[in-house]
1. Say we look at the range 1-58 and pick out the residues that are at pLDDT below 90 and charged (D, E, K, R); which of these is farthest from K79 (Cα to Cα)?
2. Does G65 count as closer than 23 Å to N87 by Cβ and modelled with pLDDT of 70 or more?
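The values are calculated or read from the model by the stated rules, or taken from the named source; none is laboratory data. Nothing here was measured: the structure is a model prediction, and the numbers come from that model. Glycine also receives a Cβ, built like all others from the backbone with ideal geometry; neighbour counts cover every protein chain displayed.
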Amino acid sequence: TNTQCAVGVVALFLLTSMMNHSCVPNAQVRNQEFVDARIDVVATQDIDKGEEITISYINMGRNAGRMARDANQRRRYLKQTYLFWCNCKGCCSSSCCC
């Protein structure tokens, strides 16, 4: 018999792992296929010297659905999944409880 095995890839990218979440991020993670053992983080707007680079831990793109538009739903998801209550400007501008 011919047995095939699919190899799963798991990696820890030290600098990327230190980036905090924002629902209004100034950078985006690209190339998550890890083909060449690297990950690309690309600025989505101008970032000032000393400004924190943030990425979104959730899909906030065009096809993101209701969660991208509903701050309370995003906050609940982030609390449940990542164990923090989001206080970014995207959540606090649409919520009274920051």
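1. D36
2. yes
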